[in-house]
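The structure under discussion appears below in the form of structure tokens.
No value in this document is a laboratory result; all are computed from the given coordinates. Note that the structure is predicted; figures quoted are calculated from it, not measured. We place every Cβ from the backbone using ideal geometry, glycine too, and count neighbours over all the protein chains shown.
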């Protein structure tokens, strides 16, 4: 038995924070129009660049049963780290709903939303004209399947094969011939280790197995670099 190749990569600050909170991307909210349908109230903060320009905003649902202030600060900190040197989070006050957040920007915006599978609980909004490819909304929107894709819009309906790999092993033909009902196949991965998520065979992410309505699913915990994947 031989060990399979393994690849590790650090998740971006936003991706790591989202994974740690248990929230998942909500693909229903990707722009100003869809943001208008998000209920509130929402606590918000602005991402302000060194030149004083507002380059984005973060918002969280004001849930009395949770810690919205703590989540807002954590999300804002992660977003400023990705937005670049000199970007700060400045309190911007609450808004009644997503429409109130959308009204903060005069032009089109890109939105990444995260929720619990039922309700949107966190948002990152970035004006399209100020959006940086490595910025927080671009990274988070890629997780959510949103964002300004440009020429890729022509390919969005192409079907891709997504597979989840629990582990690998290497055995002899003789061992395979001995397989029978009840045989145990040992894998090269420890219990509790993240599983691999492959798209058309390319390792793209890692995650943890969860149950949703008695069906298996995988919560993404890290996005890997496909160019360095096994």
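Using a 10 Å cut-off on Cβ atoms, rank the peptides 81-87, 218-224, 191-197 from the highest mean neighbour count down. Present the calculation step by step, with values, prior to reporting the outcome.
Numbers: 81-87: 16.4, 218-224: 18.1, 191-197: 14.9.
Averaged packing, sorted descending, gives the order 218-224, 81-87, 191-197.
What FRET efficiency comes out for the pair residue 67/residue 209, r = Cβ-Cβ distance, R0 = 35 Å, nearest 0.05? Could you put the intermediate results ahead of the total?
Numbers: r = 27 Å, r/R0 = 0.76.
For residue 67 and residue 209, the calculated efficiency is 0.85.
Working out 0.36 nm times the residue gap between residue 85 and residue 128, then minus their Cα-Cα distance, what length gain in nm do you get to one decimal?
Working: separation 43, 0.36 × 43 = 15.48 nm, distance 1.95 nm.
Roughly 13.5 nm would be gained on extension.
I need the peptides 57-64, 160-167 ranked by packing, meaning the mean over residues of other C-beta atoms within 10 angstrom, with the highest value on top.
Details: 57-64: 21.8, 160-167: 11.5.
Highest to lowest by the protection proxy: 57-64, 160-167.
Starting from the Cα of residue 219, step 7 Å along the direction of its Cβ; do the same at residue 157; then give the gap between the two resulting points in nm.
Going by the 7 Å Cα→Cβ label model, 3.4 nm.
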